[in-house]
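Undergrad: What follows is a single structure, and I will ask about it in a moment.
Please treat every number below as a calculation from the coordinates, not as lab data. These numbers come from a predicted model, not from an experiment. We place every Cβ from the backbone using ideal geometry, glycine too, and count neighbours over all the protein chains shown.
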Amino acid sequence: MRLRPFPFMRFDGEGAVVEVETRIVRGKAVALVELATTFAPGDNFRVLAACERPILSGLNDLNSVSTNGPVAALNGLAAAQLSVWRRVHIEQDCMADTPGDMQAGRLTATVAGPGAGQFIVIVNINIAAANQYEHGILRTAGTNYPIVSNTAGAGALLVVTAAAAPAIGPVEIFEDDWEAAGNAAPTTRVNTQDDANLYDMLSESNRRDLNRFADAYIQPALTTLDAFDSADVPGITHVVSTNADILAAADAYRGQRPLGTPRPANYETDVFWVVYVCTGFEAAKTEDNDPVTEDGIRGLTAGTGEISLVFLETTRDTQATENPPNAPTVADVRARVTVHEMGHQFRLASGQGTQGRHRDDGMNIMNSIVDCLQAADTFFNPNEVATMRTRHLSP
């Protein structure tokens, strides 16, 4: 704590005692002292005042000054506790509507399938992985057929559900990123311009059930950067998990727009904390949960800490196909992933008990299985809270 008598002299150190001249103002004795706090979230201060220095000299927060209530044996006044809260301002961008994965070619032959109501379809399409198109759609001659499975490689075979053999001719195959009503043209299941639920755990509140950063005395601010929010960050179906690719995806829109006014110098400072979050479609092709035996990466944060992407399609897909324990809703997982990725911008999960930028030594929001947590475990580990409470710099 630092008590600075203004404008005379300055004292540093917790438990400091200062003396100032008392003046009579309108018949009352007045002593003016300026209190200068730290900027560390969660630092607490309490100011005591007495007419004689010896009354204060023996008091300290270890054995005589509590955080609240009266101070025993104090012949003077005690202010209520002052706690330092830091705001973190969130820029909330969205990618433009982004197409899912699909390929086009020619259906060359059909034979009876392995089960009733199934056909094996042969196409001249090179498919990267077996069962990549499981739960997807095969479309030919204006008719949609559910895909049961597929082989990999050139001239791939697909098993489809059909009452009659699909027609030979031009064909399109769509991963389960797409959906269709009857025989209508398929459309992508998620709209990357829809960031609903991403900020459900980041309310502007000091309640931990509404704001997951409340334990660290950090409060999100969701509207102060509205002027910078963009809903047309160029759509990229797959963002590779490298710093260069993550920055290339969105940095031109962080606090600015391409060819527009450059990002202001005061957009982010150590006094004005900022984090940047943008929706995305999927991570790398080998990390999109297609097929379901792959990893499904739900979010990425650049190692440099400036940008977080939340992948809406992978989040939807993993919840639909993996049926994880505790079965949180897609809306809930969207919120969890956003908090988790913001944690990476705070450089969390990088110390003892962590592995691969995740804290897997217990159930907490920085765990790598964030989608499998019980609701009661979707908070920060105490070690991570302590890290944030010693922070002075912007994430």
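Undergrad: In which sequence would 275, 333 go, from the one with the fewest C-beta neighbours within 10 Å to the one with the most?
TA: 333, 275
Undergrad: Calculated FRET efficiency, residue 62 and residue 293, Cβ-Cβ r, R0 56 Å, to nearest 0.05? If you can, show how the numbers build up before the last one.
TA: Numbers: r = 57 Å, r/R0 = 1.01.
Given R0 = 56 Å and the Cβ-Cβ separation, E is 0.50.
Undergrad: Please go through the range 194-228 and write out the trypsin sites (Lys or Arg not before Pro) that DSSP classes as loop and that have at most 12 other C-beta atoms within 10 Å.
TA: For trypsin sites (Lys or Arg not before Pro) across the range 194-228 that sit outside H, G, I, E and B with at most 12 neighbouring Cβ atoms in 10 Å, the list reads 207.
Undergrad: Okay, moving on. Determine the gain in length on full extension of the stretch residue 392-residue 322; use 0.36 nm per residue of separation and subtract their C-alpha separation, reporting nm with one decimal.
TA: Once the chain is fully extended between residue 392 and residue 322, it gains 21.2 nm.
Undergrad: Given the Cα-Cα distance of residue 165 and residue 257 and 0.36 nm per residue of separation, how much length would full extension add, in nm?
TA: That pair, residue 165 and residue 257, stretches by 28.0 nm at full extension.
Undergrad: Still on this model: Please check: in the Gaussian network model of the chain (C-alpha springs, under 10 Å), which one of 109, 72, 16 has the largest mean-square fluctuation.
TA: Looking only at 109, 72, 16, the largest GNM fluctuation is found for 72.
Undergrad: If I build a Gaussian network model for the chain, linking alpha-carbon pairs within less than 10 angstrom, which residue out of 289, 191, 75 has the largest mean-square fluctuation?
TA: Of 289, 191, 75, the most mobile in the Gaussian network model is 75.
Undergrad: Compute the long axis of helix 330-345 from its Cα atoms, compare it with the longest principal axis of the Cα atoms of the chain, and write down the angle in degrees, 0 to 90, nearest 10.
TA: Compared with the principal axis, the helix lies near 60 degrees.
Undergrad: Taking a point 7 angstrom from the Cα of residue 19 along the C-beta vector, which residues in the range 50-66 have backbone N less than 20 Å away?
TA: Hits in the range 50-66 for residue 19 at 20 Å: 50-60.
Undergrad: Considering only 77, 202, 225, give the residue with the highest GNM mean-square fluctuation for the chain, with springs between Cα atoms whenever their separation is below 10 Å.
TA: Per the Cα network of the chain with a 10 Å cutoff, 77 tops the list.
Undergrad: On to the next question. Work out from phi, with θ = phi - 60° and the Karplus expression 6.51 cos²θ - 1.76 cosθ + 1.60, the ³J(HN,Hα) of each residue of the range 24-41, listed in order in whole Hz, and give x for Gly and Pro.
TA: Ordered by residue, 3J(HN,Hα) equals 9, 10, 6, x, 10, 7, 10, 10, 9, 10, 9, 9, 10, 8, 7, 10, 7, x Hz.
Undergrad: Expressed as a rounded percentage, what relative contact order does the chain have, with Cα pairs under 8 Å and six or more residues apart? Could you put the intermediate results ahead of the total?
TA: Details: 867 pairs, mean separation 56.3, N = 395.
Relative contact order here is 14 percent.
Undergrad: Please turn the phi angles of the range 148-153 into ³J(HN,Hα) values with the Karplus equation 6.51 cos²θ - 1.76 cosθ + 1.60 (θ = phi - 60°), one per residue in order, whole Hz, x for glycine and proline.
TA: Karplus values, whole Hz, x for Gly and Pro: 8, 6, 8, 8, 9, x.
Undergrad: Looking at the chain, what % of its DSSP beta bridges pair antiparallel, to the nearest 5?
TA: Roughly 75 percent of the DSSP beta bridges within the chain come out antiparallel.
Undergrad: For the chain, take the longest principal axis of its alpha carbons; what is the angle in degrees between that and the long axis of helix 312-321, to the nearest 10 within 0 to 90?
TA: For helix 312-321, the angle is close to 70 degrees.
Undergrad: Whose amide H sits under 5 Å from the amide H of residue 273, counting only residues 5 or more places off or on another chain, with H placed in the peptide plane?
TA: 89
Undergrad: Whole-Hz ³J(HN,Hα) for each residue in the range 259-271, computed from phi via Karplus 6.51 cos²θ - 1.76 cosθ + 1.60 with θ = phi - 60°, x for glycine and proline: what do you get?
TA: 6, x, 5, x, 4, x, 5, 9, 4, 9, 9, 6, 9
Undergrad: Quick one, can you get me the convex hull of the C-alpha atoms of the range 102-174 expressed as volume per residue in Å³?
TA: 68
Undergrad: When 98, 301, 140 are ordered from fewest to most other Cβ atoms inside 10 Å of their Cβ, what list results?
TA: Result, fewest neighbours first: 140, 98, 301.
Undergrad: Let me ask something else about it. Please report 89, 340 as a ranked list, fewest other C-beta atoms within 10 angstrom at the top and most at the bottom.
TA: Sorted ascending by nearby Cβ count, the order is 89, 340.
Undergrad: Moving on. Subtract the Cα-Cα distance of residue 331 and residue 46 from 0.36 nm times their separation in residues, and report this length gain in nm to one decimal.
TA: Full extension of this stretch gives 98.5 nm more.
Undergrad: Next up: Of the labelled options (i) 49, 25, 16; (ii) 59, 21, 15; (iii) 27, 26, 21, which one gives semi-axes √(5λ) of the Cα gyration tensor in Å as computed for this structure?
TA: Looking at semi-axes √(5λ) of the Cα gyration tensor in Å for this model, the match is (ii).
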